[in-house]
Amino acid sequence: MNVLELKNYMEDLVMQQMDAVIAANHGVCTCEQCRHDIAAMALTILPARYVVTPRGETYTRIKALEQQFSVDIMMALTEGINTVKKYPHHKETGV
Ligand SMILES: [Zn+2]
């Protein structure tokens, strides 16, 4: 029996695009806490895309979804970044 994995592709895509979107938005903190806050907010906005898949066989389908949702992900990440800028979960900005 194969080892199956339940996976939200959207999570991978958000993490993949995060660095590029953060780089385009000056003044946002990039610490572990803020990055997770940004990802959490983006993933709350975006539709979940759960699939059951054998481990390691996700790449091709991720590529297809990446093209389909690229703009949505960018917008959701920007939204998350703006919220974290306004309401960081910690005092020091680290910028
Ligand atoms: Zn931070």
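Does Ala42 fit the bill of being modelled with pLDDT under 85 and small (Gly, Ala, Ser)?
It is false that Ala42 is modelled with pLDDT under 85 and small (Gly, Ala, Ser).
Look at the range 5-23 and say how many of its residues are surrounded by 12 or more Cβ atoms within 10 Å (Cβ to Cβ), hydrophobic (A, V, I, L, M, F, W, C) and without any contact (Cβ under 8 Å) to a residue 60 or more places away in the chain.
Count: 3.
For the subset of the range 22-46 comprising residues that are within 21 Å of Leu65 (Cα to Cα) and either of a type outside the set (A, V, I, L, M, F, W, C) or within 10 Å of the chain's Cα centre (by Cα) (or both), which member is farthest from the ligand (Cβ to nearest atom)?
Leu46
Determine if the range 48-70 includes at least one residue that is modelled with pLDDT of 90 or more and part of a helix (DSSP H, G or I).
For the range 48-70, residues modelled with pLDDT of 90 or more and part of a helix (DSSP H, G or I): present.
The values are calculated or read from the model by the stated rules, or taken from the named source; none is laboratory data. Just so it is clear, the model here is predicted, and its values are computed rather than measured. Cβ coordinates were reconstructed from backbone atoms using ideal geometry, including for glycine residues, and neighbour counts include every protein chain displayed.
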